[in-house]
Amino acid sequence: MRHCWTAQINTETTGLRGVIIEVAVVDAYDGRVLLDTLVHPEGLGVEPGARAVHGITDAELADAPTWEQVLPRLLAAIGDRRILAYNADFDRRAMATTHANAGLDPADLPGGDRWECLMEALSTWYRIGRWLPLDGGHRAREDAHAALTVLRTIGAPRQNGRPA
């Protein structure tokens, strides 16, 4: 099996500035799911607006593992890979917020130099310079796979400025 040097990550949160309640990592080479788990928000509830987007309820999170329990699995799934995220700023911020909420050392998290933003890459590829929605269904695993499709699209050959 080929080793992929990039991992696609996606998170769902309690709100726009909230903590992670679902995280998925897929191998950017073959789409294998390396991690897909709910995360207990440790004293925080899911905001109604966020719940309306992703559909994750507080009841579903009641028995989910905590961030401290998920973190070793997340770090193992990422390994030494570059991290691709559709909205990298959002996912990095969510990871830092969740880590701080759990009282953990921020040095444990992958550095910003390992992250790449697929939304920015897609915007550049289309030459439009603006935010583009991701059509993945707003659950972490589905969005990670949708972002992988974006990666494959922008990496495909082009003819006359258009996809081949």
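The values are calculated or read from the model by the stated rules, or taken from the named source; none is laboratory data. From a predicted model like this one, the values you see are computed outputs, not experimental measurements. Cβ atoms come from the backbone with ideal geometry, glycine included; neighbour counts cover every protein chain shown. Accessible surface is based on the protein model in full, side chains and every heavy atom, while ligands, DNA and RNA are left aside. Shrake-Rupley method; radii C 1.70, N 1.55, O 1.52, S 1.80 Å.
Does Thr66 qualify as being open to solvent by less than 80 Å² (accessible area, probe 1.4 Å), out of contact with any Gly (no Cβ under 9 Å at 6 or more places or on another chain) and modelled with pLDDT of 90 or more?
Answer is yes for this residue.
Which of the following residues is surrounded by 22 or more Cβ atoms within 10 Å (Cβ to Cβ) and over 17 Å from the mean Cα position of the chain (by Cα): Val39, Val46, Val19, Val23?
Going through Val39, Val46, Val19, Val23 in turn, the sole match is Val46.
If you go through region 1-29 one residue at a time, how many are free of Cβ contacts under 8 Å to residues at least 60 places away in the same chain and under 14 Å from Leu84 (Cα atoms)?
2
Please go through region 17-61 and pick out each residue that is of a type in the set (Lys, Arg) and not in a loop (DSSP other than H, G, I, E, B).
Of everything in region 17-61, just one residue is of a type in the set (Lys, Arg) and not in a loop (DSSP other than H, G, I, E, B), namely Arg51.
Among (1) farther than 24 Å from Pro133 by Cα; (2) surrounded by 15 or more Cβ atoms within 10 Å (Cβ to Cβ); (3) aliphatic (A, V, I, L, M), where does Leu75 come up short?
Unmet for Leu75, out of (1) farther than 24 Å from Pro133 by Cα; (2) surrounded by 15 or more Cβ atoms within 10 Å (Cβ to Cβ); (3) aliphatic (A, V, I, L, M): (2).
Do you know which residues across region 107-152 are among the charged types (D, E, K, R), touching a strand residue (DSSP E or B) at 6+ places or on another chain (Cβ under 6 Å) and not in a helix (DSSP H, G or I)?
Within region 107-152, just Glu116 meets the criteria.
Just name the residue that is modelled with the highest pLDDT out of those in region 1-10 that are surrounded by fewer than 24 Cβ atoms within 10 Å (Cβ to Cβ) and either among the hydrophobic types (A, V, I, L, M, F, W, C) or part of a strand (DSSP E or B) (or both).
Thr6
Please tell me if Leu61 is at pLDDT 95 or above, aliphatic (A, V, I, L, M) and over 30 Å from Ile154 (Cα atoms).
Against the criterion (at pLDDT 95 or above, aliphatic (A, V, I, L, M) and over 30 Å from Ile154 (Cα atoms)), Leu61 qualifies.
Residue by residue through region 107-132, note down the ones that are on the phi < 0 side of the Ramachandran plot and open to solvent by 90 Å² or more (accessible area, probe 1.4 Å).
Asp113, Glu120, Thr124, Tyr126, Arg130, Trp131
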